[in-house]
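What follows is a set of notes on a single structure, which appears directly below.
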Amino acid sequence: MNPPSRRLRLALVITAVLLLAGGSLGYVLHARHRERPSGQQADASFGTSEPGLYFRDTAGGRIARQVGPGLPRVTGGPSCDRFHTAGDHALCLRKLPGVPARTEALVLDRRMREVRTVTVPGIPNRARVSPSGQVLAWTTFTTGDSYNTAAFSTRTAILDLRTGYLIKSIEQIPLTLDGARHHDSDVNYWGVTFAADDNRFYATVSTRGATHLVEGDLRAWSAKALRENVECPSLSPDGARIAFKKKVSDDPRSPWRLYVLDLTTMREHPLAEQHGVDDQAAWLDDTTVAYALPGRDGRTSDIWSTRADGTGEPTLLAPNGSSPANVR
């Protein structure tokens, strides 16, 4: 038998190389799939189109859904440190590894698919989506990691998905305080909450050692202080009231208590929750607010609810949870 020609030998060699490469690539992809942390990928069937309470499962960090107190939860969303959802979008904040601290803000659609990603300096702190889902805000700690100390600084951004415009920091918005334009350099904003018109918003501003509730206007690019000692406001679905945390003590273990402010009368009242709440409350409906409290182990947190009129007793909604958002 004659030896194979040079062309035939070359074809055999190329075929063998391709077969080996294909097998190696398949093995590598299979190995990477096995090694990928399961908590970093959202399940394809999980989204915010179903009614229920959505929140961060503090045991694993992923987003979960629960349709009622004490009922089983479904965990399938991405891993987040802070979360909120409304309308057609969700916002997931997660801390990136490394120094200095950086936060990744992930804009998600109702199927938990990434729409846009923004990387900002600081540690994840507050996340809010407007009722329509079209305007989003987030706050990070750029210095310090607690509001209960003078050594902290925040950065709050607003993203309008209708135009794609990102306001990296709202600190430069013209602020009216006590009837006059306020220019101090120590201004910090945090805890944005949006009205249904996607234009008006409320937030906390701190300056000269005091905190204030401010009302902002995006189109007019202006803000005015309404009331002192209001932190982390949350606007009710009917737009008539603000749930907020109020400083009631100098005790660093429990300095705040939840209150509700009527925006028409500007009268406030405490809620039935007696524990100190360091959270931006979320309205479940026009009569009930939800919030996170530290769990018994001191490492996780639990989600509770209480009536907005100050009556009744707090109810445990979801153990091992934080960042509640109700989808109706």
Legend entry - Lysine pairs within the chain, Cα separation less than 26 Å, 8 or more sequence positions apart or different chains: 7
Inset, instruction - Compute log10 of I(q)/I(0) for the stretch 276-328 with the Debye formula, placing one identical point scatterer on every Cα and leaving out solvent, at q = 0.25, 0.30 Å⁻¹, to two decimals. - result: -0.97, -1.26
Legend entry - Pairwise label distance in nanometres, Ala196 with Ala272, each label 7 Å out on the Cα-Cβ vector: 2.7
Legend entry - Reciprocal mean inverse distance between Cα atoms of the chain - Kirkwood radius, Å: 21.4
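Quantify how much of the Cα-Cα distance distribution of the stretch 97-171 extends past 17 Å, in percent.
Tail of the P(r) past 17 Å holds 46 percent of the pairs.
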Legend entry - GNM flexibility winner over the chain from Trp221, Trp138, Trp304 (Cα, springs under 10 Å): Trp221
Inset, instruction - Please give the contour-minus-distance gain from Leu71 to Arg111: 0.36 nm per residue of separation, less the Cα-Cα distance, rounded to one decimal in nm. - result: 12.2 nm
Legend entry - Summed residue charge, Cβ within 11 Å of Ser301's Cβ, Lys/Arg positive, Asp/Glu negative: -2
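Taking Cα pairs under 8 Å and at least six residues apart, what relative contact order does the stretch 171-328 come out at, in percent? Write out the running numbers ahead of the final one.
Details: 383 pairs, mean separation 21.1, N = 158.
Answer for the stretch 171-328 is 13 percent.
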Inset, instruction - Please report the relative contact order for the chain, taking Cα pairs under 8 Å with a sequence separation of at least 6, and give it as a percent rounded to a whole number. - result: 12
Legend entry - Approximate shape of the stretch 203-328 as ellipsoid semi-axes (Cα gyration tensor, √5λ), whole Å, largest first: 24, 18, 14
Legend entry - Rg/Rh for the stretch 41-92, where both radii come from Cα atoms and Rh is the Kirkwood radius: 0.92
Legend entry - GNM flexibility winner over the chain from Gly276, Gly164, Gly191 (Cα, springs under 10 Å): Gly164
Inset, instruction - Write down the radius of gyration of the stretch 213-259 and its Dmax, each obtained from C-alpha positions, in Å. - result: 13.0, 40
Legend entry - Length released on extending from Arg208 to Ser222, taking residue separation times 0.36 nm less the Cα-Cα span: 3.1 nm
Legend entry - Mean accessible surface per residue for the chain, computed with a 1.4 Å probe while every protein chain stays in place, in Å²: 51
Legend entry - Estimated inter-spin distance, Arg181 and Leu316, nm [label 7 Å along Cα→Cβ]: 5.4
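Could you work out how much longer the chain between Arg299 and Ser132 gets when fully extended? Use 0.36 nm per residue separation minus the Cα distance between them, nm to one decimal.
Result for the pair: 56.7 nm of gain on full extension.
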Inset, instruction - Calculate the dipole size of the chain relative to its Cα centre from +1 charges on Lys and Arg beta carbons and -1 charges on Asp and Glu beta carbons; express the result in debye to the nearest 20. - result: 1720
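Using a 1.4 angstrom probe on heavy atoms only, work out the carbon and sulfur share of the accessible area of the chain in %.
Here it works out to 51 percent.
The values are calculated or read from the model by the stated rules, or taken from the named source; none is laboratory data. Here the structure is a predicted model, which is why all the values come from computation and not from measurement. Backbone-built Cβ (ideal geometry, glycine too); neighbour counts: all protein chains shown. Just so you know, the surface numbers come from the protein's heavy atoms only, side chains and all, with ligands and any DNA or RNA stripped out. Shrake-Rupley method; radii C 1.70, N 1.55, O 1.52, S 1.80 Å.
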